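Novice: Shown below is the structure under consideration.
Since every read-out is calculated from the coordinates, none of them should be taken as a lab result. Here the structure is a predicted model, which is why all the values come from computation and not from measurement. Here Cβ is always computed from backbone atoms with ideal geometry, including for glycine, and neighbour counts include all displayed protein chains.
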Amino acid sequence: MRFRFFLALVLGCWLLGNGVAQAAGPTEQKRSDTLLLKDPKGAHISEAYRYYTEPFDVPPDPEQAEAQWRAGKFRPGRWHKTLNLGLMHRRVWMRLPVRNTEPQRLRFLWSIFNFTDSAALYCRRQGETKFTRLGTASSWTPAAERPFPARSLSFPFTLDPGEAAVLYLRADIHTGGVYLPTYIETAEHFLSWEMGFPFERHWVWLLGFYLSSALFNLVLFAFLRDRIYLWYVAYVVGVSLFLMMEDGLDALLLPAWLYRGIWSVGQYNIMLLAAAAGIRIMQLFLRLHSDWRRLNRAGIGLIATVVVFVLAYALLFQWAVHHSLSTVEWLNNAREVLMVAVFGYSWVTLLTLLRSPGGGVWRRTTPSPTPSSSRALPFSGSTTWAGPASTPSTPMLWRGACFWSCWCSAPCSRAGSGTRSSKTPCCASASLEQRNEVGQRLIAAQDAEREQAGPRAARRHGP
């Protein structure tokens, strides 16, 4: 009954989330041929842009892309949705005719808020026959070294009152997942939003929360010498880096050498390492090595595979981008398979223990003053990686759910840490009390035996 209720709860939450997301989506209307730019920003760019993909081995040329446009090979994106092409290893061109509707000259920014190996903006104004490159940028450079210093890749362009132009945005993404959140707005509006972004999205206290979680587990390890707390630290650090890379804050906050280092490993590979740490936490917390040895060995093998793959990816990726694009595709596909394997192992372990006789997960953990934390920890680990493990190819959860599931797993980890730290003293104290009680009973039995032995001896020998 409990297992069926659990499945019904998970399925109901998934269906409810999808229903709310679909109901909240805007109704598609007639698309426009030109995006009307206003101050501070105009309509959503999906109302007017068209996109086209081509192989990476084709030299990037906006004139060739324009020829493909005239041939009718460009397609519209989803209405009021971010361009998400899933797992793809091709260059993306976005064609967008624009016009300034304001009575003054304005400076606009077309920004990409996701990691892009290489991007460029081309413009053809009225009366011109050729496209002019306005700028190039790469997410491999920190924010301070970019043409427009920001956490995003931003390309400035200016338009006179009533002026129209045709823009081409080229994006080369070698990580495998083509997801391009892009916006066009005035430079003033962009800077105003970026200044308030850490506060609007609560990053100020979230970073403090993650840091305190890591320090808390380091303190526990220093006093208790239990290695599970080091795995907690690795998990929190991995989740924090992944979310910072997701929002581009790493380009602003981290030094250049560290920024390039973590991106050499890759955002999704850092998530894989954090997931591997989460699996190890689950194994130690539920003590799989004692009663579930096959599950434990499978998890250890999966963790070792993840570590070896991430090292190979970091060593081969940059070389493969310049010399063997087929190797890049193989690496990205292998990463997707490992994501599914990590996600599947977490849920298989959880469901197996739920279905086991005697209470499963609830009985495997030693009773403690906070039993709810022992129940929340494995569930939080599974829901945390339900979103990331499905991106970028087949999203099971919307993008924000990944963020908040990672955030919710941190207090569960802290609660689990407190639970485990309270177990050892409590169990040791209970064991000591039990030994004392047995000793007292033994002494009492010996005293009673002596008392009875005296009269029996007297009666035996008699007067």
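Novice: Over what distance in Å are the Cα centres of the stretch 255-274 and the stretch 161-223 separated?
Specialist: Answer, in whole Å: 16.
Novice: When a footprinting reagent is the concern and you count Cβ atoms within 10 Å, what order do S213, S46, S32 take, fewest first?
Specialist: Exposure proxy ranking, most exposed first: S32, S46, S213.
Novice: Two-decimal Rg/Rh of the stretch 157-213 from alpha-carbon positions, Kirkwood Rh?
Specialist: Computed over Cα atoms, the ratio is 1.14.
Novice: Turning to a different aspect of this structure: Apply the Debye scattering formula to the stretch 120-210, with a single equal point scatterer on each alpha-carbon and no solvent, then give log10 I(q)/I(0) at q = 0.12, 0.19, 0.22 Å⁻¹.
Specialist: -0.52, -1.10, -1.28
Novice: Non-local amide H neighbours of L159 (under 5 Å, H modeled in plane, Pro and chain starts lacking H): which ones?
Specialist: Here the answer is L106, F108, since their amide H atoms fall under 5 Å of that of L159.
Novice: For a quick check: sort Y179, Y49 by the number of other beta carbons within 10 angstrom, fewest at the front.
Specialist: Listed from fewest to most nearby Cβ atoms, that is Y179, Y49.
Novice: Which residues does a label at K73 reach in the stretch 27-56, if reach means a backbone N under 14 Å from a point 7 Å past the Cα toward the Cβ?
Specialist: Residues 51-56 qualify, since their backbone N sits under 14 Å from the label point.
Novice: Further question: Quick check for me: using +1 on Lys/Arg Cβ and -1 on Asp/Glu Cβ, what's the dipole size of the stretch 117-167 about its Cα centre, in debye to the nearest 20?
Specialist: Computed charge dipole of the stretch 117-167: roughly 80 debye.
Novice: Dipole size in debye (nearest 20) for the stretch 32-197 around its Cα centre, Lys and Arg Cβ +1, Asp and Glu Cβ -1?
Specialist: 340
Novice: Taking 41 Å as R0, compute the FRET efficiency from the Cβ-Cβ separation of V58 and W203 and round it to 0.05.
Specialist: Efficiency for this residue pair is about 0.55.
Novice: Starting from the Cα-Cα distance between V438 and H80, subtract it from 0.36 nm times their residue separation and give me the gain in nm to one decimal. Provide the component values of the computation, followed by the final result.
Specialist: On the way: separation 358, 0.36 × 358 = 128.88 nm, distance 7.25 nm.
Residue separation times 0.36 nm, minus the Cα-Cα distance, leaves 121.6 nm.
Novice: Which order do the peptides 316-326, 83-93 take when ranked by the mean count of other beta-carbon atoms within 10 Å per residue, highest first?
Specialist: 83-93, 316-326
Novice: Per 5 Å bin, what is the whole-percent P(r) computed from every C-alpha pair distance within the stretch 32-197?
Specialist: Histogramming the stretch 32-197 at 5 Å steps yields 2, 9, 18, 22, 23, 16, 8, 2, 0 percent.
Novice: Still on this structure: Using a 10 Å cut-off around each Cβ, can you sort H289, H174 from fewest to most neighbouring Cβ atoms?
Specialist: So the residues, fewest neighbours to most, are H289, H174.
Novice: Using only alpha carbon pairs under 8 Å that are at least six residues apart, calculate the relative contact order of the stretch 228-274 and give it in whole percent.
Specialist: 55
Novice: Run the reach check for K38 against aspartates and glutamates, Cα to Cα strictly under 17 Å, same-chain hits fewer than 8 apart removed. What comes back?
Specialist: Within reach: E47, E102, D160, E163, E185, E188.
Novice: For the stretch 32-197, give me the percentage of DSSP beta bridges that are antiparallel, rounded to the nearest 5 percent.
Specialist: Numbers: 45 of 48 bridges.
Of those bridges, close to 95 percent are antiparallel.
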